[in-house]
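**Q** Quick one: structure below, then a few questions.
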Amino acid sequence: PRVRENARRLGDVNPARVRENARCPTDASPRPEFVKTLAAQPTPPPPAEFAKTPTVLAASTRAECVKTLAGQAGCFHELAGRLTTGGREVCSVEPSGPADAEPAHAMYPYLEQFQGYVALEKGLAENSVAAYVHDIRVFIEFMQARQCDSPERVTRDDVLDFLEAARAAGLATSSVARRLLALKVFFRYLQHERIIARNVVEVMDGPRLWKMLPEFLSVAEVSAMLAAFKGRDKLSRRNTAILELFYATGLRVSELAGLRVDGLRLDEGIVRVIGKGNKERIVPVGRPAQKTLRAYLDEVRPLLDHDGRAVQLFLSVTGRALTRARVWAVVKEAALRAGVAKNVYPHMLRHSFASHLLAGGADLRVIQEMLGHADIATTQIYTHIDQGRLLAVHKRFHPRA
């Protein structure tokens, strides 16, 4: 009601008179008669509710008010400020345009083009695109502080100082390596588009990363987590379905949160997943998980999908798709209820899925296909954590075992 009242009060100004007074060449400043006419408009006293709380109009409403009052972009800055009624603030009109726009820097247009390149041509996932753009934006701000406004002027020392500043700010080695990777992709793109002639980061090596063995849960710990939500309420049954699908398929948390109903084919016992780089893969779903998911689809999800139009498989109590953070919280709560002493996170269920398959004798190539790894070397790390398999191989083949 306050917004409507504000709009009505601003509409009391005679539009014809305002347009007549505001009419001026585009290269000239607003006529002073316009400002005088606007200031002379009679203003009724404010309602009682305005006496206590100033009301700020929404951006869209403010824009419409300004268009009505000024009619020309050149007159806008003359009107910018606070419109008052009886000494009380009614609305705040803030100039948009150059003041609200991204800082003027010669590299920002290249960043916008680069974002489209990695999203459309390279087909990177949404989170990867956001990470690349963030890293390049931080680099542009760093170079802006150095008065460098062109990618042609960037030197190797600039890049080294940027990475060193990131390390000094407390970033992990993996984060510093990701920033260098983002810069490599960005400058490779600039060179490909002939924006720069020389790529100063092409031959730079990133910080060496330790290859850490992935943490995983035992079969007993996973079973305890799957039984953590014992209630029959809709959220407990939904959470159990989430955990069952996690362990049955080894999905990433982003893949599970974005999974659609039409991607789950329980009659065939499979799930169709869109993974990194929009690559599609088919993963089998075990019978216990099928049973839990079918009960969720038939009895629980209809209670969460209030308007019947949601496409995601797992929904919140308000009927919206679950976020990655909420799925993370479900896994954390399950580990707490199950009494698992480890620091459990969603990806640990993925590690457990792969480790238990390998311990059961599954082929490494099959595990690679189900996990969606582009390189077999990424999957091979699971061979180092199955101590029973290593001991069995050593006992079988070593002459002095």
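**Q** Convert each backbone phi in the range 360-365 into a coupling constant with the Karplus relation 6.51 cos²θ - 1.76 cosθ + 1.60 (shift: θ = phi - 60°), then list the ³J(HN,Hα) values in order as whole Hz, x for Gly and Pro.
**A** Coupling constants for the range 360-365: x, x, 5, 6, 5, 5 Hz.
**Q** For residue 260, what residues show an amide H to amide H distance below 5 Å, using hydrogens built from the backbone and excluding near sequence neighbours?
**A** For residue 260, the qualifying residues are 313.
**Q** Let me ask something else. Amide H neighbours of residue 270 under 5 Å, at least 5 residues apart or on other chains, H built in the peptide plane: list them.
**A** Residues meeting the amide H criterion: 265, 285.
**Q** A further question on this structure: Can you check what the net charge comes to around residue 373, using other residues whose Cβ is under 12 Å from the Cβ of residue 373 (Lys, Arg +1; Asp, Glu -1)?
**A** +4
**Q** Expressed in nm to one decimal, what extension gain is obtained for the pair residue 299 and residue 369 from 0.36 nm per residue of sequence separation less their Cα-Cα distance?
**A** That pair, residue 299 and residue 369, stretches by 22.0 nm at full extension.
**Q** Hey, with R₀ at 45 Å, roughly what FRET efficiency would residue 108 and residue 332 work out to, going by the Cβ-Cβ distance, to 0.05?
**A** My answer for the efficiency is 0.70.
**Q** Could you go through the range 304-320 in sequence order and give the Karplus-derived ³J(HN,Hα) for each residue, using 6.51 cos²θ - 1.76 cosθ + 1.60 with θ = phi - 60°, rounded to whole Hz, and x for Gly and Pro?
**A** Ordered by residue, 3J(HN,Hα) equals 8, 7, 5, 9, x, 10, 5, 9, 6, 6, 9, 10, 7, 5, 8, x, 9 Hz.
**Q** Also, I was wondering about something else. If you rank 135, 363, 307, 158 by fewest surrounding Cβ atoms within 10 Å, what's the result?
**A** Ranking 135, 363, 307, 158 by Cβ neighbours within 10 Å, fewest first, gives 307, 363, 158, 135.
**Q** I would also like to ask the following. Could you give the nm distance between label points at residue 398 and residue 141, where each point is 7 Å from its Cα heading toward the beta carbon?
**A** It works out to 5.4 nm between the two label points.
**Q** Restricting to DSSP loop positions (anything but H, G, I, E, B) with no more than 15 other Cβ atoms inside 10 Å of their own Cβ, which GluC sites (Glu not before Pro) remain in the range 199-300?
**A** Counting only loop positions with at most 15 other Cβ atoms within 10 Å, the GluC sites (Glu not before Pro) in the range 199-300 are 202, 215, 268.
**Q** Further question: Per-residue HN-Hα couplings for the range 249-255, Karplus 6.51 cos²θ - 1.76 cosθ + 1.60 at θ = phi - 60°, whole Hz, x for Gly and Pro?
**A** Each residue's phi maps through the Karplus curve to give 10, x, 5, 6, 5, 5, 5 Hz.
**Q** Checking the a/c ratio against 1.5 first, then a/b against b/c, what shape does the Cα gyration tensor give for the range 121-173?
**A** Cα axes put the range 121-173 in the oblate bin.
Every number here is computed from the coordinates shown, using simple stated rules; none is lab data. A quick note: this is a predicted structure, and the numbers were derived from the prediction, not measured. All Cβ positions, even for glycine, are placed from backbone atoms using ideal geometry, and neighbour counts span all protein chains on display.
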